[in-house]
Amino acid sequence: MILITDSGATKADWIALDSKGDQLFMTQTLGLSPEVLSREVIEERLANNFELAKNASKVERVHFYGAGCGTERMRRWLREIFSGFFPNAKIEVKEDTYAAIYSTTKIGSQGIVCILGTGSNCSYYDGHQMFQKVTSLGYILMDDGSGNFFGRKLVRDYYYHKMPQDLALLFDKEYNLDPDVIKEHLYKKPNPNTYLATFARFIVEHKEHPYCKGVIDKGFQQFINNHIMQFELATKVPIHFVGSIAYYLREELSAVVERNDLILGVIRQRPIEGLMEFHKQTI
């Protein structure tokens with residue numbers, strides 16, 4: 001049995017294939033980012049999934065692509081955890097950017113591949129290798145144009161009284177904005193980046209409001225300036241996107257891409273289906 005996993009900060013999609021490449025099951029866990037979770041939390045999330053726990057000893061290979069796996073230290077740490085849970089499996093751990101690349105770009109084709117989900121990332125793929133210009137410092141300092149980026153912007157504008165009153169009233173009704181609750185989630189509970197990203201749903205739901213339009217436009221422009229334009233070939237190769245923010249705000253994203261004379265490629269909400277097709281070729 002082969003397990004293929006695409007894990008963002010919020011959730012992880014799992015697909016199991018047999019030796020012929022036929023799908024055995026598909027399941028989902030909460031995200032398994034090693035940057036923000038303890039070993040105990042990751043092990044608990046694996047053990048609490050019925051399909052994974054039932055089939056753990058049958059798994060021969062694990063191809064895991066995850067947020068927070070950009071350094072060898074994090075990849076090695078996850079491999080140790082997975083080796084304990086899947087005792088008979090050969091474990092491969094790569095950062096989630098590779099999942100985006102394999103899901104959107106054909107081998108041999110060039111492109112810039114971006115992640116706009118709970119967090120954000122950007123890489124250049126020359127058809128064989130991946131190259132990055134920016135090393136991510138996480139959700140506090142970076143993650144331009146992501147769910148937690150927009151969520152943080154909304155909460156800040158609400159508390160600084162910069163959000164229009166009509167939206168502020170709706171925002172207050174939809175979320176618990178008690179300062180003690182917010183600080184509890186941000187500074188004491190796990191996954192503060194995921195918590196911030198929950199507020200981004202509001203900007204998607206109200207994307208036609210002039211305030212939201214402005215926030216979305218500036219956020220995507222900032223992502224293009226700080227990430228995509230780092231690459232010399234930015235205006236000459238397709239720009240692909242994966243992630244929920246890219247997908248649900250695809251019209252707004254497309255407009256900003258075109259305004260910058262960039263070539264829009266594929267926009268995909270989840271890379272797991274493309275990953276499955278990629279790995280079928282290697283069975």
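The values are calculated or read from the model by the stated rules, or taken from the named source; none is laboratory data. All of these numbers come straight from a predicted model, not from anything done at the bench. Neighbour counts are summed over all protein chains in view; Cβ atoms, including those assigned to glycine, are modelled from backbone coordinates with ideal geometry.
Can you find a residue that is in a helix (DSSP H, G or I), among the acidic types (Asp, Glu) and crowded, with 16+ Cβ neighbours inside 10 Å anywhere in segment 83-102? Checked against the condition, which is being in a helix (DSSP H, G or I), among the acidic types (Asp, Glu) and crowded, with 16+ Cβ neighbours inside 10 Å, segment 83-102 yields at least one hit. Quick check on segment 20-27. Is at least one of its residues in a loop (DSSP other than H, G, I, E, B), in contact with a His (Cβ under 9 Å, 6 or more places away or on another chain) and over 30 Å from residue 227 (Cβ atoms)? Yes: one or more hits. Please go through segment 57-82 and pick out each residue that is surrounded by fewer than 17 Cβ atoms within 10 Å (Cβ to Cβ), at pLDDT 95 or above and part of a loop (DSSP other than H, G, I, E, B). Within segment 57-82, just 60 meets the criteria.
Filtered by the rule that a residue be surrounded by 14 or more Cβ atoms within 10 Å (Cβ to Cβ), in a loop (DSSP other than H, G, I, E, B) and modelled with pLDDT of 95 or more, segment 135-161 gives 144, 145, 146. Contact map, segment 101-115: first residue farther than 16 Å from residue 236 by Cα, second residue among the β-branched types (Val, Ile, Thr) and not in a loop (DSSP other than H, G, I, E, B), Cβ cut-off under 7 Å, separation 6 or more or different chains; pairs are 101/113; 103/242; 104/113; 104/242; 104/266; 115/97; 115/242.
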